Amino acid sequence: MRCPACKAQLVVVERESIEVDWCPDCHGVWFDAGEIELLAERAGKTLEPGLVGRPAGKVDEANRRCPRCRRKMEKVTPGPDGELFLDRCTKHGLWFDAGELGSLMRRLEGHGEEAAVVSFLNETFSRSAADGSHVHSKESGT
């Protein structure tokens, strides 16, 4: 599977049997549909529907293509301020450009159920970047 931002090959990053696709070149992250909810479940929490799914309206940023189906993804925003924009394929998942996952984490710190998931994600990617122990050497699809 190719990165929707830079076209590099994505690699699988795994933690507690949950896999996400990560770009080693631009550091973006792809979550297949349901993976964020699965992370919440593993943390013993339930995420509210629409946590990262409000349509963003008109955005100057170009639409990216889904790494699964190659259709244009829609821009969504996780907050009322409209300062953070993510790319979402309604069928396949959600793309975070480099820094966007961290930005979302900072927005959610201290917000109860979401905070446990944020902590889980932060630990996963911090460990992967530090020692490579959670990054699969096999490529993530074609």
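The values are calculated or read from the model by the stated rules, or taken from the named source; none is laboratory data. As the structure is a computational prediction, the values presented were derived from the model and not from experiment. For neighbour counting, all protein chains shown are included, and Cβ atoms are generated from backbone atoms with ideal geometry for every residue, glycine included.
Remark: pairs (first residue in the range 78-89, farther than 18 Å from V29 by Cβ and of a type outside the set (S, T, Y); second residue part of a loop (DSSP other than H, G, I, E, B) and at pLDDT below 85; Cβ separation under 9 Å; 6+ apart in sequence or on different chains) = G82/A56; G82/G57; G82/V59.
Across the range 45-86, the qualifying residues are those that are under 13 Å from A5 (Cα atoms) and out of contact with any strand residue (DSSP E or B) (no Cβ under 9 Å at 6 or more places or on another chain), and the one among them that is modelled with the highest pLDDT is R70.
Of everything listed in (1) of a type in the set (K, R); (2) loosely packed, with under 14 Cβ neighbours inside 10 Å; (3) modelled with pLDDT under 80, the single unmet condition for R107 is (2).
Can you find a residue in the range 113-132 that is assigned to a loop (DSSP other than H, G, I, E, B), at pLDDT below 60 and exposed (fewer than 15 other Cβ atoms within 10 Å of the Cβ)? Yes, the conditions are met somewhere in the range 113-132. Under the condition of being in contact with a strand residue (DSSP E or B) (Cβ under 7 Å, 6 or more places away or on another chain) and surrounded by 16 or more Cβ atoms within 10 Å (Cβ to Cβ), the residues counted in the range 10-23 number 8. If the condition is being of a type in the set (K, R) and either farther than 21 Å from I36 by Cα or not in a loop (DSSP other than H, G, I, E, B) (or both), then the range 72-93 contributes K72, K75, R88.
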